[in-house]
Amino acid sequence: MSGEIIAIYPGSFDPLTNGHVDIIQRGSRLFDRIVVAVLLNLEKSPLFTVPERVDIARSVFASYTNVEVDTFDGLLVEYARRKRAGVIVRGLRAVSDFEYELQMALMNRRLNQEVETVFMMPAEPYTYVSSRLVKEVVALGGSVTGLVPSVVESRLREKKLARETLRA
Ligand code: PNS
């Protein structure tokens, strides 16, 4: 449909946190369509495979008709062009996020003037939540209840059990 505003929300999502969920919900209210785009990266030791991350996001947003979950590689702005998206959404938690986000937004603008980066703040309880910290807390036996969707919490528990069994 012409005139539709399509937004891309790119990231690693290893794993999806409630901070990501909050931003996607805000995006789904603001834009006609929001595409959660999981980067097919070459990170050496991700916790979740890309198909697992896609599967988790699809199950969390199964009831949202304007949320799509996809994967991408290569330049984000080229992917945005292919999806006919005019907006890249990024979440900003704290000042510490700003420098990296500013660099990416300006580089993406240089690469494609037609795509605008829009920053959104997550709800306050999620301003300190990151995938990296979630993984660290779980690995060390702490609880992440309320910080990630319940499907992520149970999959994290399964992964931890599997790793412990392998080590035993
Ligand atoms: O959630 P993340 O891991 O911080 O997301 C980073 C992401 C996926 C947005 C970024 O690495 C990216 O856009 N990668 C695609 C490659 C690209 O376009 N690079 C130039 C943009 S500055």
(request) Just one of (1) at pLDDT below 95; (2) touching a Gly at 6+ places or on another chain (Cβ under 8 Å) trips up residue 5, so point out which. (result) (1)
(message) Quick check on the range 39-46. Is at least one of its residues surrounded by 15 or more Cβ atoms within 10 Å (Cβ to Cβ) and modelled with pLDDT under 95?
(response) yes
(request) Would you check if there is a residue in the range 136-144 being more than 14 Å from the ligand (Cβ to nearest atom), among the β-branched types (Val, Ile, Thr) and part of a helix (DSSP H, G or I)? (result) yes
(request) State yes or no: is residue 136 among the acidic types (Asp, Glu) and over 19 Å from residue 19 (Cα atoms)? (result) no
(request) Just need a number here: residues in the range 1-50 that are more than 13 Å from the ligand (Cβ to nearest atom), among the hydroxyl-bearing types (Ser, Thr, Tyr) and either over 19 Å from residue 152 (Cα atoms) or under 15 Å from the mean Cα position of the chain (by Cα) (or both). (result) 3
(request) Name every residue in the range 66-96 that is within 11 Å of the ligand (Cβ to nearest atom) and surrounded by 16 or more Cβ atoms within 10 Å (Cβ to Cβ), in order of residue number. (result) 72, 76, 77, 79, 80, 88, 89, 90, 91
(request) Scan the range 143-168 and report the pairs whose first residue is within 17 Å of residue 52 (Cα to Cα) and touching a residue at least 60 places away in the same chain (Cβ under 8 Å) and whose second residue is of a type in the set (Ser, Thr, Tyr) and assigned to a helix (DSSP H, G or I), with Cβ atoms within less than 8 Å and a gap of 6+ or a chain change. (result) 151/59
(request) Mind listing whichever residues of the range 124-135 are more than 10 Å from the ligand (Cβ to nearest atom), in contact (Cβ under 8 Å) with a residue 12 or more places away in the chain and surrounded by 13 or more Cβ atoms within 10 Å (Cβ to Cβ)? (result) 126, 127, 129, 134, 135
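The values are calculated or read from the model by the stated rules, or taken from the named source; none is laboratory data. In this text the structure is predicted, and so the values were computed from the model without any measurement. FYI the Cβ positions are ideal-geometry reconstructions off the backbone, even for glycines, and counts take in every protein chain you see.
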